[in-house]
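Working notes for the structure below.
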Amino acid sequence: MAEDLHITTGTKEELYQSLIPQINALIEGESDAIANLANICAALKEQFNWLWVGFYIVKPNEKGEDELVLGPFQGPVACTRIKKGRGVCGAAWQQAVTLIVPDVEKFPGHITCSSLSKSEIVVPVFTNGIVTAVLDVDSELLNRFDEIDKRYLEEIIMSL
Ligand code: SME
């Protein structure tokens, strides 16, 4: 069992380690944020085949209140707007920390975009110390995300 875990862990790290230079090559020299976010989603989806991977971007609504608004993503259609503190994405934004949710049904206020989603990780994107977007990843498997995903996804986000 320990060896299986070791192999699985190593494989996941290798997948990230091979992907990060590709992502850096894709986005370096390109200043258009939406293009870069879109390519990051595509690269992650290709590598890991998660159910859903995408960005929600902090933007003011018509009342001038900041909300998360759906940005570039790969996967099934998703909810368009999320208020601060709502769901996993809104909580990660409010707390300005990465949230790993092993079982979405046990997360109070989880927003169900797809009934297939079982576990989730949300990583805030910072600009000058302020959360300006979040990266959200959903899996059809329970307990799919761990500290390895957190470390590498945060590294990918830092290059933005
Ligand atoms: N489940 C998220 C909402 C976004 S979708 O999963 C794409 C949440 O609770 O914030």
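The values are calculated or read from the model by the stated rules, or taken from the named source; none is laboratory data. Computed from a prediction, not measured in an experiment: that's the story for all the values here. Backbone-built Cβ (ideal geometry, glycine too); neighbour counts: all protein chains shown. Just the protein is used for accessible areas: all its heavy atoms, side chains included, with ligands, DNA and RNA removed. Shrake-Rupley method; radii C 1.70, N 1.55, O 1.52, S 1.80 Å.
Here is how the numbers come out for the structure above:
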{"item": "Accessible area per residue, Å², the chain with all protein chains present, probe 1.4 Å", "result": "54 Å²"}
{"item": "For the chain: rounded, prolate or oblate by the Cα gyration tensor [a/c cutoff 1.5]", "result": "oblate"}
{"item": "Pairs of Lys in region 2-158 closer than 17 Å at Cα, counting only those 8 or more apart or on different chains", "result": "9"}
{"item": "Net +/- balance of residues flanking Tyr152 in space, Cβ distance below 12 Å, scoring K and R +1, D and E -1", "result": "-4"}
{"item": "Solvent-accessible area, 1.4 Å probe, carbon plus sulfur percent, for the chain", "result": "53 percent"}
{"item": "Where labels lie 7 Å past Cα in the beta-carbon direction, separation of Asn143 and Thr112 in nm", "result": "2.2 nm"}
